[in-house]
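The values are calculated or read from the model by the stated rules, or taken from the named source; none is laboratory data. The structure displayed is predicted, hence computed values, not measured ones. As a convention, Cβ positions derive from the backbone with ideal geometry for all residues, glycine included, and neighbour counts pool all protein chains shown. All accessible areas refer to the heavy atoms of the entire protein, side chains included, with ligands and DNA or RNA removed. Shrake-Rupley method; radii C 1.70, N 1.55, O 1.52, S 1.80 Å.
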Amino acid sequence: MSRRFVDLSHTISEGLVTYPGLPSPTFTPHLTREASRANYAPGTQFQMDIITMIGNTGTYLDSPFHRYADGGDLSTLALETLAELPAVVFQFPGVAGTSLDGPAPEDQSEFAFDGRAVTADAFGTEDLRGTAVLLSTGWDAHFGTPAYASGAPFLSEDGARLLVEREVALVGIDSLNIDDTSPQSGGARPAHSLLLDAGIHVVEHLTGLGGLPFRGARFTAVPAKVAGFGTFPVRAFATIDGP
C-alpha cells in the first residue's frame, strides 16, 4: 500500500517572524566552505553554521516544562506520544477562508466556533483518547504578515477541559496561539494550563491542515531532545495510507 506524506510545518529562515515581539532567528557562519578547505583533502569542504533562535520559532511543540517549573521538559517526552498518532482533524469552514475537506463528525455543532474561540461543542461525542486533535482554522494563511498577530482563533477553556477529559495525546492548531492572547484575555492562558498540566503536548503554528481528512491520517511532531528546555521547533507532518 502506498503512503502519502503531508508537510504541516512552516519553513524556518533567517529573520522569520513567528510570534510578533519575539526575536527572529539569526544565522552565523562558524566555518565557511572556503575556510574549511585548509583542513581537508583537496576538493573536500564543509559549511558549519550557528543558529540563534528562541524555542518558539516556526512550527513548535510546547512541553509541560514550558508552563510548569516541575513539568516534563523536552528530553522526557515519550516518542509514542509524539509520532504516528491517529489524527482527528476538526475543520472550521469559513473561518479565515478555510474550506472543509473530508467528512466532519455528524454531531459537531454549528456553534462549535464562537467568534474566535473553538468551544467544547466542536468535538461532539467523538472518542478522542490517545489521538492528536488538530484544529484547522485557516489562520496559517496570514503567517508572516501583520494580520497574523491579531484576531487569531484559539481553543476555549471549556474546549481544553473537554480534551483533557477525553484523554487526548496532543492538540495542534494552525493559529498564533492555542490561547486567546488579546488584551481582553487579561493574560489568562487556560488552554496551555489545562493541557500541559495533564501532560498533553501542544503544537502551534501548524499549516496545511485543510488538506487532511477528518480521520485516517497519522500525525508526527518530534522536537529535539533538550534537557531543561520547554519549547522547540518540530517538523510536523501527517501520513496517509492509500493513493
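Check region 5-28 and report whether any residue there is more than 30 Å from LEU176 (Cα to Cα), in a loop (DSSP other than H, G, I, E, B) and not charged (D, E, K, R).
Taking every residue of region 5-28 in turn, none turns out to be more than 30 Å from LEU176 (Cα to Cα), in a loop (DSSP other than H, G, I, E, B) and not charged (D, E, K, R).
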Taking VAL171, is it closer than 27 Å to PRO223 by Cα, at pLDDT below 95 and not charged (D, E, K, R)? no
Given ARG3, ARG37, which one is of a type outside the set (A, V, I, L, M), open to solvent by 80 Å² or more (accessible area, probe 1.4 Å) and either within 28 Å of TRP139 (Cα to Cα) or touching a residue at least 24 places away in the same chain (Cβ under 8 Å) (or both)? ARG3
Looking only at region 123-133, decide whether some residue is of a type in the set (Val, Ile, Thr), without any contact (Cβ under 8 Å) to a residue 60 or more places away in the chain and surrounded by fewer than 18 Cβ atoms within 10 Å (Cβ to Cβ). yes
Considering region 137-194 alone, what residues qualify as being aromatic (Phe, Trp, Tyr) and open to solvent by less than 20 Å² (accessible area, probe 1.4 Å)? TYR148
At negative phi, open to solvent by less than 10 Å² (accessible area, probe 1.4 Å) and out of contact with any helix residue (DSSP H, G or I) (no Cβ under 9 Å at 6 or more places or on another chain), is that true of PHE219? yes
